[in-house]
1. Can you pull the one-decimal nm distance between simple spin-label points at residue 370 and residue 324, each 7 Å off the Cα toward Cβ?
2. Taking springs between alpha-carbon atoms closer than 10 angstrom, which of 49, 75, 203 fluctuates most in the Gaussian network model of the chain?
3. Given contacts defined as C-alpha pairs under 8 Å and at least six residues apart, what's the relative contact order of the stretch 70-202, whole-number percent?
4. Give the accessible area for residue 170 in Å² (nearest 10); use a 1.4 Å probe, count only protein heavy atoms, and leave out ligands, DNA and RNA.
5. Using a 1.4 Å probe over the heavy atoms of the protein chains, calculate the carbon and sulfur portion of the accessible area of the chain as a whole percent.
6. At R0 = 41 Å, how high is the FRET efficiency between residue 141 and residue 246 if r is their beta carbon distance? Nearest 0.05 is fine.
7. Can you tell which of 377, 117, 55 shows the greatest fluctuation in a Gaussian network model of the chain with Cα springs below 10 Å?
8. Probe 1.4 Å, all protein chains in place: accessible area of residue 269 in Å², nearest 10?
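The values are calculated or read from the model by the stated rules, or taken from the named source; none is laboratory data. Computed from a prediction, not measured in an experiment: that's the story for all the values here. Backbone-built Cβ (ideal geometry, glycine too); neighbour counts: all protein chains shown. For accessibility, only protein heavy atoms count, side chains too; no ligands or nucleic acids. Shrake-Rupley method; radii C 1.70, N 1.55, O 1.52, S 1.80 Å.
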Amino acid sequence: AIAQDMPDMWTKGAATQKEHPNLQWFKDAKFGLFIHWGLYSKLGGNWKDSSYYGSGEWLQYRAQIPAAEYEQVADSFNPVDFDAAQWAQTAKDAGIGYMVITAKHHEGFSMYDSKVSDFDIMDASPYKKDPMKALSAACKAQGIPFGFYYSQFLDWHEPNGGGNNWDFDEKKKDYLRYYREKSVPQLKELLTNYGPLGIVWFDMPGGLTKEQTRQMIDSLRTLQPGCLFSSRVGHDLGDYRDFGDSEVPPVPIPGAWESIYTHNDSWGFIAHDMNFKAPGEIIRLLSNVASKGGNLMLNVGPDGTGKWPAYSVQYLLATGKWLKQYGESIYGTTHGLIPAQPWGVTTAKKQRLYLHVWTPPANGMLRVPYMKAKVTSVTLLGSTTPVKWKQLPEELQVQLPATLPDTRNTVLLVNYTGTQ
Ligand code: FHN
């Protein structure tokens, strides 16, 4: 029997089975880079005389383009500006701790050399190279854990793929055949041909019962037991939890989990979207997610030539500069030890509490309630500027240095003894 229900992939937690032994690097990494790159990147949200805003990677669906017509986009997909070393270097300089890129999205086009489907970059495009081979090697050279996003059920190119409702008869579909003939064989290619993977980021589960999903996981695990599987593999069988798109939990959540956001308003490149999150917004998003105990994976959508949007490069590098000074308050931390405050949030590590000052009080006096442990020092992270502070019962008061040019997005380090 085929499960007709699309398992609720948004709010279900990570696996209920025993914890994966390889989660620590993920929990410590804190800041990931998501990349959505496919044929849709060349279209940039435009099709014939229509222009679509947002979700550039859903253009085929939104414009209801039949597979036979859409696949012709591959004939001119030739990302001559793609430079794997430059992508990996920019990620490194941005302070990125892992990278996940779309191997195959819902359009069904494989952005890698697949022997399972000739609707791939090697056979169907003039590019005739495997960018994923180059990118996995470039990330390895930079020490950045690398992984693939894979749309395991939605496939608008295949008659048995899930998610069509304009091109193939839904009632005639054999989802298990799709998994047997494309999904699982391609996942095995990715887990075999690109070196050790940090993550396989499953998306949009469907068409399988919990038992069938478990069987798929068990067979994939044999290829790379150390690789983490995202919770959108479905049925609570992932190794860590992904929240919904652009969703951050309001309170600290235990275990390994991830919030995912676009940098602008679309996962896939759209030419007419200039609404990019500025560095301050990225930094606050990152520190907010870290203050709840999770990772932020921020998405970049390169265009059809293989170039990142200029604002993505500029703003990610600015974020990397901030992380050079304040990174210890993000990497390897756990959730904050006091609730979010009007001035910002906290993260923690051993006997250290980091105060992320987003909105400094007008009088420069930071009041830190619930501070019970004995404070031994308060400093500006990465600076020798002296900081005046005073500890009252259950409250720490810190006078932000008036000499600071801009106290927004500064981080204070509070050392303490005992338990908070
Ligand atoms: O439909 C996809 C969407 O295109 C994008 O890949 C996001 C990323 O989390 N996942 C699905 C919608 O949540």
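1. So the two model labels end up 3.5 nm from each other.
2. Greatest mean-square fluctuation among the candidates belongs to 49.
3. Details: 203 pairs, mean separation 35.4, N = 133.
Relative contact order comes out at 27 percent.
4. Near enough 70 Å² of accessible area.
5. Values: 9160 of 16870 Å².
Here carbon and sulfur together make up 54 percent of the probe-accessible area.
6. On the way: r = 32 Å, r/R0 = 0.78.
After rounding, the FRET efficiency stands at 0.80.
7. Result: 377 has the largest fluctuation of those listed.
8. Rounded to the nearest 10, that gives 50 Å².
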